[in-house]
Structure formats: structure tokens, C-alpha cells
1. So how many residues does segment 184-196 have that are charged (D, E, K, R), surrounded by 12 or more Cβ atoms within 10 Å (Cβ to Cβ) and more than 16 Å from the chain's Cα centre (by Cα)?
2. Can you tell me which of Gly156, Gly160 is surrounded by fewer than 16 Cβ atoms within 10 Å (Cβ to Cβ) and more than 15 Å from Ala103 (Cβ to Cβ)?
3. Checking Asn43 against (1) in contact (Cβ under 8 Å) with a residue 40 or more places away in the chain; (2) in contact with a Gly (Cβ under 9 Å, 6 or more places away or on another chain), which test does it fail?
4. Filter segment 69-112 down to the residues that are under 15 Å from Cys46 (Cβ atoms) and surrounded by fewer than 17 Cβ atoms within 10 Å (Cβ to Cβ), then identify the one that is farthest from the chain's Cα centre (by Cα).
5. Tell me, please, whether a residue that is outside any helix (DSSP H, G or I), farther than 17 Å from Leu155 by Cβ and without any contact (Cβ under 8 Å) to a residue 60 or more places away in the chain can be found in segment 105-113.
6. Applying the selection to segment 117-153, what residues are without any contact (Cβ under 8 Å) to a residue 60 or more places away in the chain, among the aliphatic types (A, V, I, L, M) and surrounded by fewer than 15 Cβ atoms within 10 Å (Cβ to Cβ)?
Amino acid sequence: MSSRITALVLAAGASSRMQGRNKLLCEVDGATMIERAVRAALNSRCTQVVVVTGWQADRVEAALEAVPASKPVTVVHNPQYAAGLASSLRCAVAMLPQSIDAALVQLGDMPWIVAAHIDRLIEAFDPLAPMIVVPVRDGRRGHPVLWPKSFFSALGALSGDIGARGLIERFASTVRAVPFDTDAIFVDVDTPEQLDRAQQR
């Protein structure tokens, strides 16, 4: 049974540790990070892609024009992006249709996540026995994370900047861990030094 999965690409943050640069507009391996993230979602088995913008929304949205859209892409602006990651999750979850089975929460600043990683999580999801699907390597959880629709209200009630980590711990009995053999599920870019490393990789 095929699942209807929406990818939620979170791209609203103010890049506060990047010394004034918007990290999502920085290039890694020939493409901006937001382009890489959205392309991964579009090339995956997700049926729809939602991008949540915030800081420098116009510039981020303009960068998306470089991505050929093979399926629907919806851009949602989060005017309260400075309040943290949870505000972007609330924005995204509020507009999700009830007809979908799950949402994959993907961070826009993880340049090495590709469609195959997303599909591996989708393959581990059973809409008849829905669980939170989390990538794991060496006992450590990473991103992205796939959330069944039964958790949308809990995601929409989050606050602050810690994202959904606390929910995963609270609902540990409903988590399915999928083993990965790549550090791509951990590598994000927050600082100029991390950007340099990504660009040299």
C-alpha cells in the first residue's frame, strides 16, 4: 500500500551563527542548500512538498525558482520565525490536508540528505500501523523524521526552538528506528566553519 507523504522543508531560520549570511543561499557542490533540500524531496516518493520560509523569505523563494518542480510545491511564510523551529512546524502542520498519511520533516540546512535517504524512511512506514520513523546510526538519532498524521496536533502544539525532539522521547514506544550507514543524517550547516567543511567535502 503506497503512502501519501508530504515533505515539510523548514527554511525559515535567521542563520544567526553565519555572520549575516543566509546559509540556505550558500552553495554546496554547485547548488544552494535550499535547492538541494527541495530537490531531494521532489525526487523522493513524497507526493507533495511544503517549504516554510521566514528570514529573507523573498530571497529563499527566488532561489527555489532554480528547482524544476516535478510535483506540487507550496511555500508557506512563517512571520514568527524568530520564535524558533516550533513556529515553523506549526505553520506547516496547520495547512496539511487530512487526506495524507504522514509528513516528513526535513531541515533545509542538511546538504547531504538525498532522495534515497527520504525513500528509505518512507519504505519503513506502514500507514496501517503508523509509527514515527527515525534514521539512526550507531545508536544516535538523525534527520529527517517521518511523522504519522496522528501526531500532527502534537507537532502543532510545540513551542520554542528544540523542534520535535521531546515528542520523540515522549512517544518512544511508537518510534521505528531505521539504521543508516551515512553521517548525512547528522550533518547540518550552522557556522562559516561548517560551511567551509561542506564545500570542501
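1. Here the count works out to 0.
2. Gly160
3. Result: Asn43 passes all but (2).
4. Selected residue: Ser99.
5. no
6. Within segment 117-153, just Ala129 meets the criteria.
Quick note: the coordinates plus some simple rules give every number you see, no bench work behind them. A quick note: this is a predicted structure, and the numbers were derived from the prediction, not measured. For neighbour counting, all protein chains shown are included, and Cβ atoms are generated from backbone atoms with ideal geometry for every residue, glycine included.
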